[in-house]
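Working notes for the structure below.
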Amino acid sequence: MSEGDNAYYIDESGHLTGDGVSQCAEFMLVKNTPNGELTSAVNDHIENCELCRNRVIELYEIIRDEPAVLNRIKENYQQKGNDTPSHRRLRSGKGWINLTAAAIFLAIIIIAAYYIFTNPNPQKIFSEHFNPYPNIITTKSDQHDELTQAMLYYDVHDYDSAAVMLEEVLVDDRTNVKAMFYLGNCYLAMSQSQKALHWFKTILESESTELFLPSKWYLALAYIKQDKIDKAKPLLKDLGESKGSYREKAKRILERIP
Ligand SMILES: [Zn+2]
C-alpha cells in the first residue's frame with residue numbers, strides 16, 4: 001500500500017475513514033495485526049487514537065463472527081499473494097467479476113460498520129462483560145452457616161439453588177448486604193435482570209459498604225441487559241471516574257454507546 005492511499009483512509013479531521021477502519025480490521029483478521037502493510041500514517045494514527053482503535057476492534061469483532069465475510073476476505077488475500085487489499089484490486093481493474101465481488105464485499109463492510117456504529121447491541125455488551133463476582137466469602141470463613149452453604153452452590157454455578165438459599169438468608173437477616181449482592185449476581189447469571197437490579201439498587205441505597213462500586217457495576221449491566229442504556233449511562237460515568245477496577249471497563253462501554 002503506498003502513502004498515496006492516505007486520502008482514502010484518513011479524513012480531513014485526521015481520523016480514519018470507513019475504508020481505513022475496514023482496511024485495518026481486515027489486516028487484523030488476515031495477519032492478526034493492525035500494522036503490517038498499512039501505511040505509516042494509518043499505523044501512527046491507530047497507535048495514537050483510542051477512538052479509531054476501538055472502531056477497528058469493534059468492526060474486527062463483528063467480521064470475525066461472520067463466516068461469510070471472513071471467507072471473502074481470506075479468498076481475496078489468497079488470490080493476490082497475501083498482500084493486496086480488496087479495493088486496490090478493484091482499482092487495478094482485473095475485470096467485472098472481481099469488481100463486483102469487491103463491491104459486494106465493501107457493501108457488506110459498510111453495512112456492518114453502519115450497524116455497529118448506530119446500534120450499540122446491548123446484549124453483546126452484556127455477554128462480553130458479565131462475569132459473576134468471585135466468591136470471597138467461603139474462602140474467608142470456615143463457618144457452616146446458611147450463607148456459606150449458599151455460596152457452595154454459587155461456586156459450582158448452580159445459581160438456581162444458591163438463589164433459593166440466599167433468599168432464605170435474607171428472610172432471617174434483611175440487611176445482609178453480602179447475601180443481596182450475590183443474590184443479584186445469581187439472578188443476572190440466570191438472565192433475571194429485573195430481580196437482579198432490585199437487589200443491587202437496595203445495596204446502593206444503603207451506601208456504606210465495600211460492595212458499593214461492584215454493585216454499581218452490576219446494576220449498570222442489569223440495565224444494559226434490559227436495553228435500558230439511558231439508565232446504565234450515569235452509573236458507567238460514575239464508574240469511569242472512580243478509582244476502582246471498573247474504571248477502564250466502564251469507559252470502554254461508554255465509547256460504544258452513543
Ligand atoms: Zn482517530
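Among the residues of the stretch 173-213, which ones are touching a residue at least 40 places away in the same chain (Cβ under 8 Å) and either out of contact with any helix residue (DSSP H, G or I) (no Cβ under 7 Å at 6 or more places or on another chain) or hydroxyl-bearing (Ser, Thr, Tyr) (or both)?
Let us first name the residues in the stretch 173-213 that are touching a residue at least 40 places away in the same chain (Cβ under 8 Å), namely 178, 181-182, 185-186, 188-189.
Once the filter is applied, which keeps residues that are touching a residue at least 40 places away in the same chain (Cβ under 8 Å) and either out of contact with any helix residue (DSSP H, G or I) (no Cβ under 7 Å at 6 or more places or on another chain) or hydroxyl-bearing (Ser, Thr, Tyr) (or both), the stretch 173-213 yields only Tyr182.
Does the stretch 33-56 contain any residue that is away from the ligand (no atom under 16 Å from the Cβ), at pLDDT below 75 and either acidic (Asp, Glu) or over 28 Å from the mean Cα position of the chain (by Cα) (or both)?
Narrowing the stretch 33-56 to residues away from the ligand (no atom under 16 Å from the Cβ): 33, 36-37.
Subset that is at pLDDT below 75: 33, 36-37.
Remaining after also requiring either acidic (Asp, Glu) or over 28 Å from the mean Cα position of the chain (by Cα) (or both): 37.
Within the stretch 33-56, one or more residues are away from the ligand (no atom under 16 Å from the Cβ), at pLDDT below 75 and either acidic (Asp, Glu) or over 28 Å from the mean Cα position of the chain (by Cα) (or both).
Please name all residue pairs, on different chains or six or more residues apart, with Cβ atoms under 7 Å, provided the first residue is in the stretch 7-20 and is in contact (Cβ under 8 Å) with a residue 24 or more places away in the chain and over 10 Å from Thr39 (Cβ atoms) and the second residue is within 12 Å of the ligand (Cβ to nearest atom) and among the hydroxyl-bearing types (Ser, Thr, Tyr).
Qualifying pairs under 7 Å: Leu16/Tyr9; Asp19/Tyr9.
So that you can scan it fast, the table gives a plain yes or no per residue for (1) at pLDDT 75 or above; (2) under 21 Å from Ala220 (Cα atoms); (3) among the basic types (Lys, Arg):
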residue: Phe105; (1), (2), (3): yes, no, no
residue: Ile110; (1), (2), (3): no, no, no
residue: Tyr114; (1), (2), (3): no, no, no
residue: Pro120; (1), (2), (3): no, yes, no
residue: Ile125; (1), (2), (3): yes, yes, no
residue: Glu128; (1), (2), (3): yes, yes, no
residue: Pro132; (1), (2), (3): yes, yes, no
residue: Ile137; (1), (2), (3): yes, no, no
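Among the residues of the stretch 80-101, is there at least one that is of a type in the set (A, V, I, L, M, F, W, C), at pLDDT 80 or above and exposed (fewer than 13 other Cβ atoms within 10 Å of the Cβ)?
Applying the first criterion (of a type in the set (A, V, I, L, M, F, W, C)) to the stretch 80-101 yields 90, 96-97, 99, 101.
In the following step, the residues that additionally are at pLDDT 80 or above were identified as none.
So far as the stretch 80-101 goes, no, none of its residues is of a type in the set (A, V, I, L, M, F, W, C), at pLDDT 80 or above and exposed (fewer than 13 other Cβ atoms within 10 Å of the Cβ).
The values are calculated or read from the model by the stated rules, or taken from the named source; none is laboratory data. Keep in mind it's a predicted model, so treat the numbers as computed, not measured. Virtual Cβ from ideal backbone geometry, glycine too; neighbours counted across all protein chains shown.
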